[in-house]
Amino acid sequence: MNHFKMPAFLQQYSVSSALGAMLFVALSTAAHAELNINLSGGNFQPMPIAITDCVNEGQATPVASVITNNLSRSGLFQPLPKEQFPERISNFDVPPQFDAWKARGAQALVTCRVSNDGGRLKAEFRLFDVFANQQLVGQQYSTDPASWRRVAHLISDAVYSRITGEKGFFDSRVVFIDESGPAKHRRKRLAIMDQDGANFKALSGSDMLVVTPRFSPNSQEITYMGFPLSGGDPKVYLLDVSRGSREVVGNFPNMSFSPRFSPDGRRIIMSLEQNGNANLYAMDLQSRSMTRLTTTAAIDTSPSYSPDGSQIVFESDRGGTQQLYLMPAGGGSAQRISFGEGRYSTPVWSPKGDYIAFTRQKGGSFGIGIMKPDGSGERILTEGFHNEGPTWAPNGRYLMFFRDPGGQGGPKLFMVDITGRVQVQVPTPNYASDPAWGPLLSETR
Amino acid sequence: MMPTVLSPRVGKLALAAFLALSVGACASKNGADDGSLAGGAGSASTPGSVQDFVVNVGDRVFFETDQTGLTAQGQATLDKQAQWLNRYPRYSFVIEGNADERGTREYNFALGARRAETVRNYLAARGVAGNRMRTISYGKERPVAVCNDISCWSQNRRAVTNIGGTPGS
């Protein structure tokens with residue numbers, strides 16, 4: 001074994017339960033090593049990594065398997081199968097046998113330990129550069145035992161972030177529509193889950209058909225369009241997630257739909273239908289005053305704010321077919337940005353601001369793609385029947401969308417990275433559609 | 001939502017017809033469903049009944065892909081609807097616009113609304129009072145036919161003049 005001294009300990013974090021506050025400071029890491037993934041590189045190979053079971057890990061808290069699943073699904077890492085592990089880590093404070101891990105091809109190694117700290121769950125981990133015999137990150141978390149999955153996601157984010165140099169996305173949730181029953185009598189209700197499909201929870205009952213939910217910036221509220229099953233007009237609703245209280249925010253004579261929050265959470269922008277046309281309006285949530293943003297004899301819908309709140313991208317058929325347009329957030333003249341073949345819809349601005357994701361219909365095919373905000377650099381990431389409705393991961397590197405094969409089947413959720421290289425299904429208990437990815441929980445509030 | 005159909009003078013026969021329809025209406029008469037078209041065969045022969053409207057007049061018009069304009073056949077159906085509705089002014093009703101599944105969800109809500117609006121304007125131009133009509137769009141959420149080809153899609157691109165009060169037929 002090489003001479004290696006375990007670094008004097010780890011940074012400490014306190015994690016509170018599901019939605020609660022969390023202290024998080026920038027990671028300070030050991031001296032910069034060579035170990036990293038170049039995300040813009042040409043012939044990309046996922047990094048071989050070994051994630052060992054946490055010392056003291058019980059069946060009730062399989063932290064390492066959640067980390068393994070996260071890193072594997074990202075497509076950037078190739079976790080070493082357990083059968084190939086050269087040693088079992090039984091003492092967290094003893095250096096690993098770097099040469100043995102190196103011989104098995106692992107470039108990075110994650111070790112961890114969980115323990116009961118006066119009724120709280122204490123979790124620690126270390127990330128090693130196997131070839132440099134060096135610890136890159138070491139951290140320690142304390143949480144209530146029920147939040148063990150959040151700790152696993154935070155560790156995943158720390159590893160992802162240290163190796164890629166970008167923000168992670170694992171400590172986040174998705175709101176979506178849980179679908180069940182036959183296609184003609186489909187039941188659609190609001191549901192929420194972790195980004196990896198765990199902790200599924202239905203948020204609405206069966207009194208309404210619910211579609212197109214979106215999180216508020218702090219993910220405490222959700223806006224969506226709902227049809228009361230008793231009849232009556234579809235409206236835009238606002239749900240307070242923790243209180244469970246629901247109110248109408250678009251109580252207008254005709255249909256209101258396609259709601260989205262502004263980045264500061266103060267407004268909801270939506271489409272209002274009138275005489276067969278749909279125009280965009282912004283509602284100030286405090287004063288409840290409405291500002292009209294577009295005035296066309298056309299269908300203007302699916303708006304999305306730029307992350308700085310200064311612009312809105314939306315779709316309109318004012319030119320004959322659905323295309324993407326940009327306008328100032330206060331309304332005003334709109335500029336078309338989509339000029340490829342086919343019809344463009346459901347634009348969503350990346351949280352990083354660098355891309356706009358969309359659905360493109362061409363012939364009978366539905367593609368999910370991205371373009372720069374000026375319309376250049378268009379790239380279709382996946383295509384087929386029937387992909388729709390992309391939503392961005394909080395780090396702007398991945399998109400989630402739904403794919404509905406049609407017929408008697410139903411939609412499922414998928415995740416694709418912005419190179420189109422990585423594509424995985426997102427597990428849901430039933431059919432699922434209209435995903436909306438929330439922010440990193442550690443960055444909310 | 002209950003229809004304003006059952007004024008006292010309509011009587012028991014119309015009530016029976018309405019109940020029969022509320023079972024049968026969702027099972028479309030286009031043979032697209034599982035063939036569970038409910039009974040009530042006699043009720044279509046009752047002039048002025050809901051079933052009379054559905055069976056003898058035709059409660060729906062169909063649209064070309066991504067279009068909101070009426071076909072010649074659609075206009076003919078709406079001419080008959082207007083005539084019938086003018087003869088039986090006791091009905092107020094909902095025009096339900098729908099789209100097929102080959103479109104994005106939010107656009108299809110707006111497309112369905114446009115189709116419903118087209119029907120409303122056509123009926124209004126033929127003398128049907130505006131205050132009897134309400135429109136709603138179900139977008140692509142309420143297919144009557146489910147398969148992956150044109151035989152289904154063409155039935156789903158529709159506007160239904162629903163005088164029977166069961167939403168989403």
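Looking at region A:126-134, can you tell me whether even one residue there is surrounded by 21 or more Cβ atoms within 10 Å (Cβ to Cβ), in contact (Cβ under 8 Å) with a residue 40 or more places away in the chain and of a type in the set (Phe, Trp, Tyr)?
No, there is no match, as no residue in region A:126-134 is surrounded by 21 or more Cβ atoms within 10 Å (Cβ to Cβ), in contact (Cβ under 8 Å) with a residue 40 or more places away in the chain and of a type in the set (Phe, Trp, Tyr).
Out of the residues in region A:54-104 that are β-branched (Val, Ile, Thr) and in contact with a Pro (Cβ under 8 Å, 6 or more places away or on another chain), state the one that is farthest from A:Asp144 (Cα to Cα).
Residue satisfying both the conditions and the ranking: A:Ile89.
Listed here are the residues, each with its yes/no results for (1) surrounded by 13 or more Cβ atoms within 10 Å (Cβ to Cβ); (2) free of Cβ contacts under 8 Å to residues at least 12 places away in the same chain; (3) within 14 Å of another protein chain (Cβ to nearest Cβ).
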| residue | (1), (2), (3) |
| --- | --- |
| A:Leu209 | yes, no, yes |
| A:Ile222 | yes, no, no |
| A:Ser230 | no, no, yes |
| A:Ser242 | no, no, no |
| A:Val249 | yes, no, no |
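Testing A:Thr291 on (1) within 14 Å of another protein chain (Cβ to nearest Cβ); (2) of a type in the set (Ser, Thr, Tyr); (3) over 20 Å from A:Thr212 (Cα atoms), one condition comes back false. Which one is that?
All conditions pass for A:Thr291, except number (1).
Looking at region A:405-445, which of its residues are touching a strand residue (DSSP E or B) at 6+ places or on another chain (Cβ under 7 Å), in a loop (DSSP other than H, G, I, E, B) and crowded, with 18+ Cβ neighbours inside 10 Å?
Correct list: A:Gly410, A:Pro411, A:Ile418, A:Val422, A:Thr428.
Within region A:374-387, can one find any residue that is in the same structural domain as A:Leu326 (by TED's automatic domain parsing), in a strand (DSSP E or B), modelled with pLDDT of 95 or more and under 18 Å from B:Glu141 (Cα atoms)?
There is at least one residue in region A:374-387 that is in the same structural domain as A:Leu326 (by TED's automatic domain parsing), in a strand (DSSP E or B), modelled with pLDDT of 95 or more and under 18 Å from B:Glu141 (Cα atoms).
Kindly list the number of the only condition in (1) under 17 Å from the mean Cα position of the chain (by Cα); (2) more than 14 Å from every other protein chain (Cβ to nearest Cβ); (3) not in a helix (DSSP H, G or I) that fails for B:Thr77.
(3)
Hey, can you tell me all the residues within region B:128-164 that are β-branched (Val, Ile, Thr), within 17 Å of the chain's Cα centre (by Cα) and within 12 Å of chain A (Cβ to nearest Cβ)?
B:Thr135, B:Ile136, B:Val144 - these are the residues of region B:128-164 that are β-branched (Val, Ile, Thr), within 17 Å of the chain's Cα centre (by Cα) and within 12 Å of chain A (Cβ to nearest Cβ).
Which of (1) surrounded by fewer than 22 Cβ atoms within 10 Å (Cβ to Cβ); (2) within 14 Å of chain B (Cβ to nearest Cβ) does A:Ala357 not meet, given it meets every other one?
Answer for A:Ala357: the failing condition is (1).
Go through (1) within 14 Å of chain B (Cβ to nearest Cβ); (2) at positive phi; (3) of a type outside the set (Lys, Arg) and name the single condition A:Gly420 misses.
Here A:Gly420 clears every test but (1).
Which numbered condition trips up A:Ser271, out of (1) surrounded by fewer than 16 Cβ atoms within 10 Å (Cβ to Cβ); (2) at the interface with chain B (Cβ under 10 Å from one of its Cβ atoms)?
In the conditions (1) surrounded by fewer than 16 Cβ atoms within 10 Å (Cβ to Cβ); (2) at the interface with chain B (Cβ under 10 Å from one of its Cβ atoms), A:Ser271 misses (1) alone.
Is there any pair linking a residue in region B:119-136 that is without any contact (Cβ under 8 Å) to a residue 60 or more places away in the chain to one that is assigned to a strand (DSSP E or B) and among the charged types (D, E, K, R), with Cβ under 6 Å and at least six apart or on different chains, and which?
Qualifying pairs under 6 Å: B:Ile136/B:Glu96.
How many residues are outside any loop (DSSP other than H, G, I, E, B) and either closer than 24 Å to A:Ala298 by Cβ or over 14 Å from the mean Cα position of the chain (by Cα) (or both) if we restrict to region B:47-74?
Number of matching residues: 5.
The values are calculated or read from the model by the stated rules, or taken from the named source; none is laboratory data. Note that this is a predicted model, so its numbers are computed, not measured. No Cβ is skipped: glycine too gets one built from the backbone with ideal geometry, and neighbour counts run over all protein chains shown.
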